[in-house]
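All remarks here apply to the structure that follows.
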Amino acid sequence: DRAGMRGQKGSEYDGGHRVPFFIRWPGKLAGGRDVPRITAHIDVLPTLVDLCGLKIPEKVKFDGASLVPLLAGKRDWPDRTLLVHSQRIEHPEKWRKCAVMTDRWRLINGRELYDMSADPGQKHNVADEHPAVVEKLRKAYEDWWTDLSGRFDEYCETVIGSEREALSWLTSHDWHGRQVPWDQYHIRNGKPIANGFWALEVARSGKYEVALRRWPLEVDEPINGAIPGGKAISVTKARLKVADVDVTQPVPKDASAVTFRVKLNAGKTRLQTWLTDEKGESRGAYYVYAKRLP
């Protein structure tokens, strides 16, 4: 039940992204009331910083705002414009599945306008009746896009080899590629037959052990074996490519992992794997475990 809101999970309409947020701090915050003003996830960190009385470094700039004035019941809260996207693709596309939001208005995909005070179910597009509002919200989006789009080709690298984590665990969910096996149905059935690379940051230069698996470490079943509800595969070669290293090994019978030892330099790089059968058909290893050796 989405309380009459339009859309579903992942949608740019309110039913796809609007959620309740409950805050409780006995003895510090008075409860039992609703705060109707528009807020977002970007407000959580500055709010916690404010509540805890922490000092913000000068170089840090939050996109969100502290909600402490609202929690304290103050009414002088400025109007604001927030944006959400549901891109679900490798690199964002302008105006794709987006909402520009104020307390009253929702501009959907840069074209549809909804008056949330009169139409919370977003059934009636009133863009033609309020062209000035559409223009204002489109400008807010354009400014946001200009501010951020220069970094859309950057990756958020997974760190391996850190002193803080002895064993780094990579899963196919974090592949960069056209098809990503992102749930356990895909893993169990070996579908889709797909591949992609991980964006990595090697924390420390040295020798690394990298283990390729189909099943996670805690399952520890053979790469070619099947678990209940899953299908067996038949791969004969395992390949690892990371930085300037490109190595291949056979897949031993009943092996649960194929392990490579490679030398890596500190810095950003990419890692990709292949599990290939006798017909030449290959898929990436769904699980990879990496650790820096002493």
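For the range 72-142 and the range 166-238, write down the distance between their C-alpha centroids in whole Å.
Taking the Cα centre of the range 166-238 as reference, the centre of the range 72-142 is 39 Å away.
Checking a compactness column here: for the range 105-201, what do you get for Rg(Cα) / (2.2 N^0.38 Å), N being the number of residues?
My calculation over the Cα atoms of the range 105-201 gives 1.70.
Under a 10 Å cutoff between Cα atoms, tell me which one of Leu83, Leu54, Leu67 has the largest fluctuation in the Gaussian network model of the chain.
Top of the fluctuation ranking is Leu54.
Which residue fluctuates the most in the chain, going by a Gaussian network model with Cα springs under 10 Å, if the choices are Leu45, Leu271, Leu212?
The residue that fluctuates most here is Leu45.
Determine the calculated [θ] at 222 nm for the chain from helices alone, applying -39500 (n - 2.57) to every DSSP H run no shorter than 4 residues and normalising by the residue count; nearest 500 deg cm²/dmol.
Value at 222 nm, helices only, nearest 500: -3500 deg cm²/dmol.
How far is helix 131-148 tilted off the main Cα axis of the chain, in degrees rounded to 10, range 0 to 90?
The angle comes out at about 40 degrees.
Per residue of the range 157-169, what does 6.51 cos²θ - 1.76 cosθ + 1.60 with θ = phi - 60° give for ³J(HN,Hα)? Whole Hz please, x for Gly and Pro, Karplus curve as stated.
These are the phi-based 3J(HN,Hα) values: 6, 8, 8, 10, x, 7, 5, 8, 9, 5, 10, 9, 10 Hz.
Considering only protein heavy atoms and a probe of 1.4 Å, how much of the accessible area of the chain is carbon and sulfur, as a whole percent?
50
From the phi angles alone, apply the Karplus equation (6.51, -1.76, 1.60; θ = phi - 60°) to the range 220-225 and give each ³J(HN,Hα) in whole Hz, x where the residue is Gly or Pro.
6, 9, x, 4, 8, x
Reachable lysines from Lys97, Cα under 24 Å, same-chain residues fewer than 8 places away excluded?
Output for Lys97: Lys9, Lys123, Lys136, Lys139.
Across every pair of different alpha-carbon atoms, what Kirkwood hydrodynamic radius in Å does the range 86-135 reach?
Radius from the Kirkwood sum: 11.5 Å.
Mind jotting down the three principal axis lengths of the range 162-239 based on Cα atoms? Whole angstrom, largest first.
Per principal axis, max minus min of the Cα coordinates gives 39, 27, 23 Å.
Evaluate the charge dipole of the chain about its Cα centre and quote only its size in Debye, nearest 20, assuming +1 on the Cβ of each Lys and Arg and -1 on the Cβ of each Asp and Glu.
Approximately 520 debye in magnitude.
Starting from 0.36 nm per residue, how many nanometres of slack lie between Lys136 and Thr276 once their C-alpha separation is accounted for?
So the chain would gain 45.0 nm between Lys136 and Thr276.
Name the lysines eligible as straight-distance cross-link partners of Lys291: C-alpha to C-alpha under 30 Å, and not fewer than 8 places from it in the same chain.
Result set, ordered by chain and number: Lys191, Lys207, Lys231, Lys237, Lys241, Lys253, Lys263, Lys268.
Tell me the per residue accessible area of the range 89-238 using a 1.4 Å probe; a whole number in Å² is fine.
56
Is the range 157-294 rounded, prolate or oblate when judged by the Cα gyration tensor, a ≥ b ≥ c being the square roots of its eigenvalues, rounded requiring a/c under 1.5 and prolate requiring a/b larger than b/c?
Note, shape of the range 157-294 comes out prolate.
Which of Cys156, Cys52, Cys98 moves most in a GNM of the chain, Cα contacts under 10 Å?
Highest fluctuation of the listed residues: Cys52.
Give or take rounding to whole Å, what are the principal axis extents of the alpha carbon atoms in the chain, in descending order?
Result for the chain: principal-axis Cα extents of 67, 44, 38 Å.
Can you pull the three principal axis extents for the Cα set of the range 46-102, in Å, largest first?
Largest first, the range 46-102 extends 38, 28, 16 Å along its Cα principal axes.
With the crude spin-label approximation of a point 7 Å out along Cα→Cβ, what separation in nm comes out for Asp220 versus Lys207?
Going from the Asp220 label point to the Lys207 one covers 2.5 nm.
Per residue of the range 183-193, in order, report the coupling 6.51 cos²θ - 1.76 cosθ + 1.60 (Karplus, θ = phi - 60°) as ³J(HN,Hα) in whole Hz, putting x for Gly and Pro.
9, 6, 4, 4, 5, 4, 9, x, 10, x, 6
In the range 1-84, which chymotrypsin sites (Phe, Trp or Tyr not before Pro) are in a loop and have at most 15 other Cβ atoms within 10 Å, using DSSP for the loop call?
Taking the range 1-84 and a limit of 15 other Cβ atoms within 10 Å, the loop chymotrypsin sites (Phe, Trp or Tyr not before Pro) found are Phe21, Phe22, Phe62.
With a ≥ b ≥ c the root eigenvalues of the C-alpha gyration tensor of the range 1-101, is it rounded (a/c under 1.5), prolate (a/b larger than b/c) or oblate?
Here the range 1-101 falls in the oblate category.
The values are calculated or read from the model by the stated rules, or taken from the named source; none is laboratory data. All values reported here derive from a predicted model rather than from experimental measurement. Methodologically, a virtual Cβ is constructed for each residue, glycine included, from the backbone with ideal geometry; neighbour enumeration extends over all protein chains shown. Note: accessible area is taken over every heavy atom of the protein model, side chains too, but ligands, DNA and RNA are not part of it. Shrake-Rupley method; radii C 1.70, N 1.55, O 1.52, S 1.80 Å.
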